[in-house]
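What follows draws every value from the coordinates through simple rules; no lab data is involved. This one's a predicted model, so the numbers in the text were calculated from it and none came from an experiment. All Cβ positions, even for glycine, are placed from backbone atoms using ideal geometry, and neighbour counts span all protein chains on display.
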Amino acid sequence: MALSDNKALVLGVLAGVAGLGTVVLYNSRRAVPTSGHGVHSKLYLSSNDQRVAGASMVVREMPGQAEVLDRLAALIQCVSELKDEVRALKSAIPKLQDHVRDELRGRSGRAEGAVARVRAGPPNRTTPTRRRKVAGGVARAGGQSSEEEAESEGGYITALTDSEEEEQIEAEGQSPYELTVIEPLNEFSALLERVDALHDGSDGDKRECLRTMLDKREQFGQNTTFLWRLVRAYVDVHDITANLEQKKTHAETGKKVGEEAVKLNPMCAESHQWYAIMCGLMTEYETVQNRIKNAYIFKDHLDKAIELKPQDPMSYYLLGRWCYAVAQLSWIERKVAATLFGEPPSATVQDGLKNFLKVEEISPKYSKLNYVFLAKCYRDLGQKSQARKMCDAATSMETISKEDEEAQKELDTLFSALGVN
């Protein structure tokens, strides 16, 4: 309803009240002796409220009019409150764009797939909705429902809802005074689908993935789902880059993004997982002391990722690699670690085997390299027949990625060590 319509409605109601006061005066003069001038004089005070008050005094002698006056007074009160709502809504409209932007940037993990609910208003509009219980004294003309809607300027709607609807809203866990918005999630969802596809593509696709995410970082940089994918993009580009300085730069930058992602949402398993991977990459460029430090960080974050997402085979594969590498440490390396940190990292080949088998349990034929490391563990444990079976399983898988090429080279070495032609 336009503001001019609100004014007309208020004036009309007040005029009606004034007219009713005149009728009451006329009836009261017929029913009450003229000597009661002290009572009738109050009907002619200057304000409308005073007219209503004076009419109420007269109606004490006329019970048939009291209920009507009470209902009109309640209606005037509701109209006044409606005007206040419209005024507040008009002042809030200029701030809605900033609110939507802040809401979009402030949502994490939950922002992925989250869709806000809109209770009233036209599609694709931000709709502030205030819900109130209707006072029992409001008149319901012709037995109509207590729900009354008034449309303000620009097509936005405020609503007075029945108490039953409000109770249902509260039962759903929402505040009856909640501001709900439609977020432009289509763009974000499309971005995630695109970068996921580029991650699985060629080397050129992986570089394009990183460029795309850097272009969108200002817009979505406060979203954990976006950030861990950005770390993943840095890992991909690091692996396909030949220049040593550029590789180091990608690793350092990716590690900083990983730290940011973990701090933003410590309950995101993927953030811990990719941050751990980036710490592993940094061991190629660090001093011995920092390498050992990163090894501890790597293990801690993988453990957290498994705790948060226990059915992710990738975390178990990485933990298996860590256990196998630690098991191969020389006595000198363990001594250095003990000197620097008090206690060297501890793991056995059996620990590695346990994690690689967990990968196969969760996701059979997970990767060619997982079979290669299963074969290595069985070989080191003296179980050559099991090692050969794992080599055969790895050979049966196609060589597609660079990781598969690495696995094939390892297989050739393993076959020689196991005496397989």
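Identify the residues of segment 345-370 with backbone N under 11 Å of a label point that sits 7 angstrom from the Cα of Glu398 along the Cα-to-Cβ direction, or state none. In segment 345-370, the label zone of Glu398 (backbone N under 11 Å from the point 7 Å along Cα→Cβ) covers no residue.
Give Lys263/Lys389; Lys293/Lys402; Lys83/Lys216; Lys263/Lys358; Lys309/Lys389 a once-over and call out the pairs whose C-alpha atoms are over 32 Å from each other. Present the calculation step by step, with values, prior to reporting the outcome.
Values: Lys263/Lys389 43 Å; Lys293/Lys402 28 Å; Lys83/Lys216 42 Å; Lys263/Lys358 29 Å; Lys309/Lys389 30 Å.
Beyond 32 Å: Lys263/Lys389; Lys83/Lys216.
For segment 245-263, the residues whose backbone nitrogen is under 20 Å from a point 7 Å from the Cα of Ala325, taken along Cα to Cβ, are 245-259.
Between Leu357 and Lys389, what length comes free when the chain is fully extended (0.36 nm per residue of separation minus the Cα-Cα distance, one decimal in nm)? It would help to have the intermediate numbers written out before the result.
On the way: separation 32, 0.36 × 32 = 11.52 nm, distance 1.34 nm.
Result for the pair: 10.2 nm of gain on full extension.
Each label point was placed 7 Å from the Cα along the Cα-to-Cβ direction; for Thr287 and Ser416 their separation is 3.8 nm. With only Cα atoms counted, segment 190-291 has Rg and Dmax values of 13.1, 43 Å.
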